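This report refers to the structure that appears directly beneath it.
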Amino acid sequence: MNEFKRKNKHNFWHSPLAIIVLFCLLIFSGYKVVGLIQKDKETNRKKELILKEIESLRKREESLFQDIAKFKTEEGIEGTIRDKYQVVKPGEKMVIIVDEEEILSEDDSPTENSFWEWVRNIFKK
């Protein structure tokens, strides 16, 4: 009979309370695992965005280094100054092309003013 009583003391894990506690722990662990998987996906997505940004910054850095190398040459400096400030060397001539629309809009005044100017011009004579 003593052996039977000893066995019953060790059967706590077979009780309904222990099974409910283990089931709750299993559900809680599963919930946490799902949260970790979602965080992992979000982290991978952010990692990809950052890697793309790093790549674009590297390309920009490379183009800036090329521009710096171009500015170290005499032709690069001259070309930049000519483009930015529209200057010419002594003895050279510069041609400026202006759109026709801009010339017409500056010379022509609105039709209402033209009519009244025409009327004024008639009486001035």
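Here are a few things to note about the model shown:
- Residues that are acidic (Asp, Glu) and closer than 30 Å to LYS89 by Cα within region 41-76 comprise ASP67, GLU74, GLU75, listed in sequence order.
- Any chance SER56 is within 30 Å of THR80 (Cβ to Cβ), out of contact with any helix residue (DSSP H, G or I) (no Cβ under 8 Å at 6 or more places or on another chain) and modelled with pLDDT of 95 or more: yes
- Residues that are at pLDDT 80 or above and part of a helix (DSSP H, G or I), drawn from region 74-101: GLU74, GLU75, GLY76, ILE77, GLU78, GLY79, THR80, ILE81, ARG82, ASP83, LYS84, TYR85
- The single condition among (1) under 30 Å from TRP13 (Cα atoms); (2) of a type outside the set (Val, Ile, Thr); (3) modelled with pLDDT under 95 that LEU36 does not satisfy is (3).
- Scanning region 102-125 for residues that are at pLDDT 80 or above and of a type in the set (Asp, Glu) yields a single hit, GLU117.
- Pairing each residue of region 59-73 that is at positive phi with any residue that is of a type in the set (Phe, Trp, Tyr) and loosely packed, with under 10 Cβ neighbours inside 10 Å, provided the two are 6+ apart or on different chains, yields no C-beta distance under 6 Å.
The values are calculated or read from the model by the stated rules, or taken from the named source; none is laboratory data. All of these numbers come straight from a predicted model, not from anything done at the bench. Ideal geometry is used to build each Cβ from the backbone, glycine not excepted, and the neighbour counts take in all protein chains shown.
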